[in-house]
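Participant: Dropping the structure in here first, questions after.
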Amino acid sequence: MSTQTWDAALYDRHHGFVASYGQDLLELLAALPGERVLDLGCGTGDHVALLRSRRVVADGVDASAEMIARAEEKYPDFPYFSVADARKLGVENRYDAVFSNAVLHWVPQPWRVASSVAKALRPGGRFVAEFGGSGNVGTIVGAAQEVRAEAGLPAARTPWYYPSVAQYARVVERAGLEVRSAWLFDRPTVLDGTAGLENWVRMFAAFLLDGVDEAVFFRTLEERVHEVLWRNGAWWADYRRLRIVAVK
């Protein structure tokens, strides 16, 4: 899995948009009461709680022990959370659906994830996912790498997997799933507060800070992207999302 570490409380406090943007995906999932659903990369548990409120038999797994601990703290009556690697879920024919929001770009070896998901699904089960697609946060990361280069630092190695529709469709089909729909779209996303860009980098892209003078780095980065990513009194991340629905 990714070596990314998570401050789960900070995630809830400043990055609640991650879960809120998942609402559209939940509607696409259209889980019915009594269906068994796995939230793959459940974070701090909000989607599992919502599905459970709709009488869906939802479980949540996440690679981050910090995120699972936070989910258990928020929802102490839910014994439905556990730490797990998306590449080896270790279950077969258990779920009517696997749902995943804003997670899979963090997991290397996507073919292993798709195979693990396919095994976890019952025949006819569906895989509904959204994550970073080709070109995601290209403006932020491109500018940050420029700032690093100007400081005499090497390019930071990015941990993300941002495929095109065609690339990911091949991965999913190789695992034995039939793609029913897939699309890539821009979704500019407002960040929280005037320090939103800095908070975003610290939470999601701390690898960009290796070796930098942080005060100089953030000042220069903000100046460089201000014209493109600052509007209406807030920072906006240049998100591009890939959404897919596939069936076993």
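The values are calculated or read from the model by the stated rules, or taken from the named source; none is laboratory data. Source: prediction; values computed, not measured. We place every Cβ from the backbone using ideal geometry, glycine too, and count neighbours over all the protein chains shown. What goes into the accessible areas is simple: the full protein's heavy atoms, side chains included, and nothing from ligands, DNA or RNA. Shrake-Rupley method; radii C 1.70, N 1.55, O 1.52, S 1.80 Å.
Participant: Rounded to two decimal places and with Rh computed the Kirkwood way over Cα pairs, what is Rg over Rh for the chain?
Facilitator: 0.98
Participant: For the pair ARG122 and THR158, how long in nm is the line joining their label points, each one 7 Å along Cα→Cβ?
Facilitator: Simple spin-label model gives 4.0 nm for this pair.
Participant: How large is the helix-only mean residue ellipticity at 222 nm for the chain, computed as the sum of -39500 (n - 2.57) over DSSP H runs with n ≥ 4, divided by its residue count, in deg cm²/dmol to the nearest 500?
Facilitator: When only DSSP H runs of four or more count, the value is -11000 deg cm²/dmol.
Participant: Express the accessible area of region 132-248 per residue in Å², computed with a 1.4 Å probe while the remaining protein chains stay in the model.
Facilitator: Roughly 48 Å² per residue, with all protein chains present.
Participant: Quick one: if the Förster radius is 22 Å, what FRET efficiency do THR139 and ALA166 give, using the C-beta to C-beta distance and rounding to 0.05?
Facilitator: The computed FRET efficiency comes out at 0.40.
Participant: Treating only the Cβ of Lys, Arg, Asp and Glu as charged (+1, +1, -1, -1), what charge dipole size does region 99-230 show about its Cα centre? Round to the nearest 20 debye.
Facilitator: Once rounded to the nearest 20, the dipole reads 960 debye.
Participant: Continuing with the same structure: Which of the listed residues, SER181, ASN136, GLY193, is farthest toward the dipole's positive end in region 134-202, when Lys, Arg count +1 and Asp, Glu count -1 at the beta-carbon?
Facilitator: SER181
Participant: Using only the alpha-carbon atoms, what does region 127-200 span along each of its principal axes? Please give whole angstrom values in decreasing order.
Facilitator: Sorted from largest, the Cα extents of region 127-200 read 47, 30, 15 Å.
Participant: What distance in nm lies between label points placed 7 Å from Cα along the C-beta direction at VAL83 and ARG112?
Facilitator: Using points 7 Å along Cα→Cβ, the separation is 1.7 nm.
Participant: Something else: Determine the shape class of region 63-204: with a ≥ b ≥ c the square roots of the Cα gyration tensor eigenvalues, call it rounded for a/c under 1.5, and otherwise prolate if a/b is greater than b/c, oblate otherwise.
Facilitator: Oblate, because a/c is 1.5 or more while a/b does not exceed b/c.
Participant: What residue among GLN145, VAL216, ASN93 has its Cα farthest toward the positive end of the dipole of the chain, where the charges are +1 on Lys, Arg and -1 on Asp, Glu, each on the Cβ?
Facilitator: So the residue furthest toward the plus end is ASN93.
Participant: Work out the length of the dipole vector of the chain about its Cα centre, built from +1 on the beta-carbon of each Lys and Arg and -1 on the beta-carbon of each Asp and Glu, and round it to the nearest 20 debye.
Facilitator: For this selection, approximately 1060 debye.
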